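Each remark here refers to the structure printed beneath this line.
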Amino acid sequence: MARSSLEEVQSPVTIWKEEDMVDGRKVDAFVVILRTTGCWWSRQKGCLMCGYNTASSRAVTASDLRVQLARAAERYGGEKMVKIYTSGSFLDPNEIPLEVRPDVFSTFGAAERVLFESRSEFVTDENLEGIDPRSAVAIGLETATEEILRKCVRKGFTVEDYTRAAGVLKARKVPLRTYLLLKPPYLTERAAVEDAIASVRYAAPLSESVSINPVNVQRDTVVEMLWKRGNYRPPWLWSLVEVLRRGKEGTGTRIMSSPSGGGTARGVHNCDRCDRKILGAVQRFSFSQDLDDLEGLECGCRREWAGLMDLQDTMGTSVDVARYLGDELELG
Ligand code: SF4
Ligand SMILES: [Zn+2]
């Protein structure tokens, strides 16, 4: 944002309500994205899929944040869970100054759980000292494969950094939600599925919940550039179902997904005939954790997905093969 009006810096980016789980119970959740100075990493190199810095402003001050909180309070209806997002790290004192933290928690007095996001480097004993006991932290690990994290996500921290942060949270009994990215760029569909499943296996024992975030093509990102050239296709919903199904096997950790942009060209999608049905099943499973919710899903496009997985393997490419070959492509 080149110039920031007072109205902008004093307004949360957005507010909405949804449902989530606290201690195995489904609860109403209040979600607010606060406008902050933004993720420091996005100003350096930034993650390849991330366009969040467009929602930030370098001009936001502590008093602006307090006005944003007052505005959020007007919409808060006593929901048991509150999620505070910042398009960056809540625990970065440059984004949420330490003196503002108590105001955040007191604004949502009725909440049993306050979830916020942070990069791993800010999750330290020193930085968590005195943090409200209702806190839960979400960390975007994205993938537990070091090389993919470095080259296909460009995360700017390592799997070891995440593991250390998870240990800090565990010692303090602060619940951890781990985000995993389904289908970073440059991976074939099958490699993306296998990597996400391996990452669930790694992160689940360290986490209270694992959220699978299928790539949503955001504006002004490397992923968008690849997508526009036909070198990237967001993951199939069949891939997401596969990751949830196989990832859930053998773990008591909640495995969930709430895809943004699901069923659109920029988000996780199959075909017009089945997108809504499958997104509904994913949502049901995310709460029930009952694998039966993912059974019996059928559509003609499933064969196309399976065929593409094989074809990409054969051709040794991660490009959006269907977009290049169009009608010449007969799969299944
Ligand atoms: S994905 Fe998170 S860590 Fe990466 S640039 Fe965006 S806000 Fe920062
Ligand atoms: Zn379909």
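The values are calculated or read from the model by the stated rules, or taken from the named source; none is laboratory data. Treat the numbers as computed from the prediction; the structure is a model and nothing was measured. Positions of Cβ are backbone-derived with ideal geometry, glycine not excepted, and every protein chain shown enters the neighbour counts. Quick note on the areas: whole protein, heavy atoms, side chains included, nothing else; ligands and nucleic acids left out. Shrake-Rupley method; radii C 1.70, N 1.55, O 1.52, S 1.80 Å.
General observations
- Candidates per chymotrypsin sites (Phe, Trp or Tyr not before Pro) in region 198-238, loop by DSSP, up to 13 other Cβ within 10 Å: none
- Measuring only protein heavy atoms, the 1.4 Å probe finds Phe287 accessible over about 40 Å².
- Calculated FRET value between Arg75 and Ser260, using beta carbons and R₀ = 25 Å, to 0.05: 0.75
- For Ser286, Ser106, the ranking by accessible surface with the largest value first comes to Ser106, Ser286, using a 1.4 Å probe.
- Along region 213-229 the Karplus relation, 6.51 cos²θ - 1.76 cosθ + 1.60 evaluated at θ = phi - 60°, assigns HN-Hα couplings of 10, x, 4, 10, 6, 9, 5, 6, 10, 4, 4, 5, 4, 5, 4, 5, 8 Hz to successive residues, with x for each Gly and Pro.
- Each residue of region 34-50 was assigned a 3J(HN,Hα) from its phi angle through the Karplus curve 6.51 cos²θ - 1.76 cosθ + 1.60 (θ = phi - 60°); the sequence is 7, 7, 10, 6, x, 6, 4, 5, 5, 8, 8, 10, x, 6, 5, 9, 9 Hz, with glycine and proline shown as x.
- Normalising the average separation of contacting C-alpha pairs (under 8 angstrom, six or more residues apart) by the number of residues puts the relative contact order of the chain at 13 percent.
- Only Lys, Arg (+1) and Asp, Glu (-1) charged, at Cβ; region 7-297 dipole about Cα centre in debye: 600
- Ranked order, Ser57, Ser258, Ser318 - accessible area, probe 1.4 Å, largest first: Ser258, Ser318, Ser57
- When you work out D = kT/(6 pi eta Rh) for region 72-123 at 10 °C and 1.306 mPa s, using the Kirkwood radius from C-alpha pairs as Rh and the Stokes-Einstein form, the result is 136 µm²/s.
- Rounded to the nearest 10 Å², the accessible area of Ser288 at probe 1.4 Å: 60
- If you wrap the chain in the convex hull of its Cα atoms and look at it from every side, the mean projected area works out to 16.6 nm².
- Cross-link pairs beyond the 30 Å C-alpha cut-off, checked among Lys26/Lys173; Lys170/Lys248; Lys155/Lys248; Lys151/Lys277; Lys83/Lys248: Lys151/Lys277
- At R0 = 25 Å, FRET efficiency that the Cβ-Cβ distance of Arg219 and Ala59 yields, to 0.05: 0.70
- Centre separation in Å (Cα based) which lies between region 71-114 and region 144-207: 25
- Placed amide H near Glu142: partners under 5 Å, 5+ positions off or other chain: Tyr179, Leu180, Leu181
- Within the chain, helix-based [θ] at 222 nm, where runs of 4 or more DSSP H residues each add -39,500 (n - 2.57), nearest 500: -10000 deg cm²/dmol
- Applying 1/(1 + (r/R0)^6) with r as the Cβ-Cβ distance of Gln44 and Glu99 and R0 = 22 angstrom yields a FRET efficiency of 0.25.
- Rolling a 1.4 angstrom probe over the protein heavy atoms with all chains in place gives the chain an accessible area of 45 Å² per residue.
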